[in-house]
Structures are given as C-alpha cells and as structure tokens.
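Q: Below is a structure I'd like to ask you about.
Each value in this text was obtained by applying a stated rule to the coordinates, not by laboratory testing. Since the model is a prediction, treat every value here as computed from it, not as a measurement. Neighbour counts run over all protein chains shown; Cβ positions are idealised from the backbone, glycine included.
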Amino acid sequence: MRGDQLSRQWKLFQRLARSHYGIGLDDLVSELECTKRTVYRDLEALDQAGFPILSEKRDGRSLYRLLESFRLGDVPFTSDEVLALAFGEDLLKTLEGTVFHDSVRSALGKIRAALSPAMASYLGRLGQSFRVLPGPHKSYARFRETIQTLNDAVLARETLRVRYRTGGTGAASSRDLDPYRVWYRNGGLYVVGLDHRSRELRTFAVDRIRSLSGTGQRFDPPADFDFDAYAGASFGVMHEPATRVRIRFEKPWATFVEERTWHPSQKLERIDGGRLELTMEVGGAAEIRSWVLSFGAGAEVVEPASLRADVARELEAARERYRDEETTTRRRGSRS
C-alpha cells in the first residue's frame with residue numbers, strides 16, 4: 001500500500017470516528033481532496049480490513065459512519081481504541097525487560113489475536129507509519145525481581161529492608177522503607193516512601209537498590225499523603241519545597257521552550273527582543289540547574305539568587321576548564 005493511500009485512509013477513519021451521525025460522500029471528497037471513486041475504494045478497504053462502517057440513507061443522502069463499538073470476545077472496544085493498538089508498543093520500549101513491559105505486551109498480543117487477519121494486517125501497516133522512539137532512559141532488564149518485589153510490597157503495604165547506593169558518594173547503606181508508590185519519570189523508575197532511617201518521605205532510584213527483602217511488618221500510608229501533590233511540586237524527582245523560579249531565554253531558544261510543558265505551574269511571557277521569560281513554582285534546584293545549563297548561553301536565571309549563583313559558578317568552572325585546555329594545546333604546539 002502506498003504511503004499516500006495509507007495516510008488518506010487514516011484521515012478517512014478519523015473523520016468517520018468523529019462523525020456520530022454520519023457524513024456524506026461529497027463532504028468526504030472535499031475534506032480528503034480526492035474523487036468519489038477514491039473515497040468508495042478507501043471505504044471498501046477499511047470495511048474489508050474489518051472496521052464496522054455503516055451506510056445509511058437519510059433525506060435522500062448516503063451517510064457513512066462507524067459503529068460506536070464492536071466486540072472482541074467479551075470486551076467492547078471503540079474503533080479508536082482498536083486503532084491505538086497499532087501505535088502502542090513503541091511507548092513500552094523504555095521499560096523493556098520489566099514486568100510492566102512484558103505484561104502489557106502480552107495483553108496487547110491477546111487483543112490482537114482476537115482481530116481478524118485483515119484488520120491485524122492493516123493495523124500493522126498503520127503502526128509502521130507512526131513511530132515513537134524513546135529518549136535517553138535506563139535499562140531495567142536485570143532489575144525484574146527488584147521491581148516485582150517493590151510492586152508486591154506497595155500492594156501489600158509491607159515494610160522492606162533495602163540496601164541502597166547513593167548517587168553522590170556511591171556509598172551503600174541499609175535502611176527500612178515503607179514503599180508508597182513506584183514512579184516512572186524522565187526515563188527512570190523510582191520508589192517513593194517513608195525512609196525509617198531519616199524519618200522523611202524520600203525518593204529512591206530503583207537501579208541503585210543493591211538488595212531488598214520483606215520484613216513481614218505492615219504499614220499504613222498517612223491519610224494525608226497525596227502523591228500527585230508530592231510529585232507535582234518537583235521539577236524532576238528530587239523533592240524540595242517549591243520556590244519561585246524565573247528564567248529568561250534568548251530568542252533562538254524561545255520557541256523551543258514555549259512549545260513545551262516543563263512544569264504544571266509554568267507561566268510564559270514574551271519580552272523584549274523576542275526573548276521569553278518562564279516562571280515556575282517548583283523544587284529541585286540541582287535538576288533545574290542542570291536543565292538551565294543545557295541551554296548554554298541561551299538561558300539566564302533571574303531568580304532565585306541562589307540558583308543564579310550556582311549556574312554562574314558552573315559556567316565559570318567550565319570556562320576555566322576550556323581555557324586550561326586551550327593553554328595546554330598552545331604550549332604543546334609551540335614545543336613541536
């Protein structure tokens with residue numbers, strides 16, 4: 001099937017799915033910018049693939065629409081839900097090797113097995129036309145048992161004994177942990193819970209867990225624990241009290257920043273010279289600092305003063321490092 005045909009049939013399917021009362025042939029010809037013969041051919045192709053297209057006569061016109069739902073075994077699916085199967089597996093690649101990936105993939109396989117061969121083939125072709133490539137992420141294949149134990153403990157509300165390696169020093173230490181949630185964020189898996197050692201709510205990277213085991217002790221999460229509020233106050237995964245952060249981006253970066261949601265609290269304002277000012281109420285100074293530095297000279301922290309000073313120190317240290325390397329290179333060149 002040629003790419004233009006597949007693209008047109010996808011548009012046709014979407015238009016039929018949105019039209020609960022039916023749409024006429026002339027309207028389809030106009031929207032798809034093709035002939036009546038082509039529309040008839042595409043309708044037939046979708047019908048042969050197994051999509052339930054109805055044709056009804058109303059006021060002397062033929063109107064086309066999709067059945068609102070059809071059944072695969074005992075489960076009702078809308079047509080859009082079945083079509084979404086064509087695009088689902090790419091989203092799982094970041095969790096490949098984990099129980100999450102394997103279980104969802106198995107479920108998708110069972111659903112696909114209930115489709116007719118024609119529909120399964122059609123969805124496969126559609127799936128190749130729309131790809132989601134994962135960004136930087138960690139590999140969790142060797143942490144399958146760790147993830148399973150964490151999931152079981154969250155559901156059973158069981159305290160775990162954990163040996164954990166910190167990211168800063170690399171030192172490992174043991175502690176008891178009440179796991180409240182397993183959390184996927186920015187390409188990594190984390191567990192959020194009460195750390196008995198510090199008596200604080202903490203976030204731990206799953207891949208830094210060296211060992212863990214059940215204690216047989218049960219816990220009850222605090223009634224006022226709100227995971228959405230906990231996670232929403234952070235820029236990344238580091239939980240700190242939210243503070244006002246204001247950053248100005250130079251014109252070359254303004255559109256890039258403006259087109260994305262960096263935090264639910266963000267406010268964007270275009271300022272002089274085509275620049276952009278971003279304001280957020282957010283915690284996680286170290287993660288914000290790293291993010292700001294990724295823009296190089298294209299970003300300037302306005303507030304808080306502590307973050308501005310941290311970024312300035314990092315940039316100055318980088319400048320000194322490059323200056324030292326340039327000086328060393330010149331000396332080597334003069335000796336040769």
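Q: On a 0 to 90 degree scale, rounded to 10, what angle separates helix 99-113 from the longest Cα axis of the chain?
A: With rounding to tens, the tilt is 10 degrees.
Q: Right, another one. Can you work out the FRET efficiency for the pair ALA118 and ARG199, with r the C-beta to C-beta distance and R0 = 56 Å, to the nearest 0.05? The partial results should precede the final answer.
A: On the way: r = 60 Å, r/R0 = 1.08.
Using R0 = 56 Å, I get an efficiency of 0.40.
Q: Length gain on complete extension for the stretch LEU155 to LYS138, per 0.36 nm per residue less the alpha carbon to alpha carbon distance? If you can, show how the numbers build up before the last one.
A: On the way: separation 17, 0.36 × 17 = 6.12 nm, distance 2.44 nm.
Roughly 3.7 nm would be gained on extension.
Q: While we're on this one: About its Cα centre, how strong a charge dipole does the stretch 212-336 have in debye, to the nearest 20, once Lys and Arg get +1 and Asp and Glu get -1 at the Cβ?
A: Working: 19 positive and 22 negative charges, 179 e Å.
Around 860 debye, computed over the stretch 212-336.
Q: Please compute the length gained on full extension between LEU315 and VAL99, using 0.36 nm multiplied by the number of residues separating them and subtracting their Cα-Cα distance.
A: Here the segment from LEU315 to VAL99 would lengthen by 73.6 nm.
Q: Angle check, please: helix 3-18 long axis (alpha carbons) against the longest principal axis of the chain (alpha carbons), in degrees 0 to 90, nearest 10.
A: 80
Q: Send over the per residue convex hull volume for the stretch 164-205, Cα only, as a whole number of Å³. Before the final figure, lay out each step's value.
A: Working: hull volume 3.0 nm³, N = 42.
It is 71 Å³ per residue.
Q: If you don't mind, there's one more thing I want to ask. Rounded, prolate or oblate: which fits the stretch 142-232 when a ≥ b ≥ c are the square roots of the eigenvalues of the alpha-carbon gyration tensor, with rounded for a/c under 1.5 and prolate only if a/b beats b/c? It would help to have the intermediate numbers written out before the result.
A: Working: a/c = 1.32, a/b = 1.15, b/c = 1.15.
It is rounded, given that a/c, with a ≥ b ≥ c, falls under 1.5.
Q: Is it possible to state the helix-based mean residue ellipticity at 222 nm for the chain, with each DSSP H run of 4+ residues giving -39500 (n - 2.57), the sum divided by total residues, to the nearest 500 deg cm²/dmol? What is it? Can you show the working numbers first?
A: Numbers: 11 runs with 138 residues, N = 336.
Roughly -13000 deg cm²/dmol at 222 nm, from the helical runs in the chain.
Q: Taking 0.36 nm per intervening residue step and subtracting the Cα-Cα distance, what contour gain separates ARG58 from GLU81 on full extension?
A: Details: separation 23, 0.36 × 23 = 8.28 nm, distance 2.81 nm.
Stretched out fully, the ARG58 to GLU81 stretch lengthens by 5.5 nm.
Q: Once you have the Kirkwood Rh of the stretch 212-336 from its Cα pairs, apply Stokes-Einstein at 20 °C and 1.002 mPa s and quote D in µm²/s. Each step should come with its number before you reach the end.
A: Values: Rh = 17.4 Å.
The Stokes-Einstein estimate is 123 µm²/s.
Q: Still on this model: Relative to the first principal axis of the alpha-carbon coordinates of the chain, what is the inclination of helix 305-335, with its axis defined by its Cα atoms, in degrees from 0 to 90 and to the nearest 10?
A: 80
Q: Also, quick follow-up: Placing +1 on the Cβ of each Lys and Arg and -1 on the Cβ of each Asp and Glu in the stretch 140-291, which of PRO221, GLY187, ILE247 has its Cα farthest towards the positive end of the resulting dipole?
A: GLY187
Q: Where nothing but the Cβ of Lys and Arg (+1) and of Asp and Glu (-1) is charged, how large is the charge dipole of the chain around its Cα centre, in debye to the nearest 20?
A: Working: 53 positive and 48 negative charges, 232 e Å.
Taking the Cα centre of the chain as origin, the dipole is about 1120 debye.
Q: Give me the tail of P(r) for the chain as a percent: Cα-Cα pairs with distance above 29 Å. Don't skip to the answer; put the middle values down first.
A: Values: 34654 of 56280 pairs.
So the pairs more than 29 Å apart make up 62 percent of the total in the chain.
Q: Cross-link list LYS11/LYS110; LYS138/LYS267; LYS57/LYS110; LYS36/LYS57: which exceed 29 angstrom alpha carbon to alpha carbon?
A: Numbers: LYS11/LYS110 27 Å; LYS138/LYS267 31 Å; LYS57/LYS110 37 Å; LYS36/LYS57 17 Å.
Checking Cα-Cα distances, LYS138/LYS267; LYS57/LYS110 exceed 29 Å.
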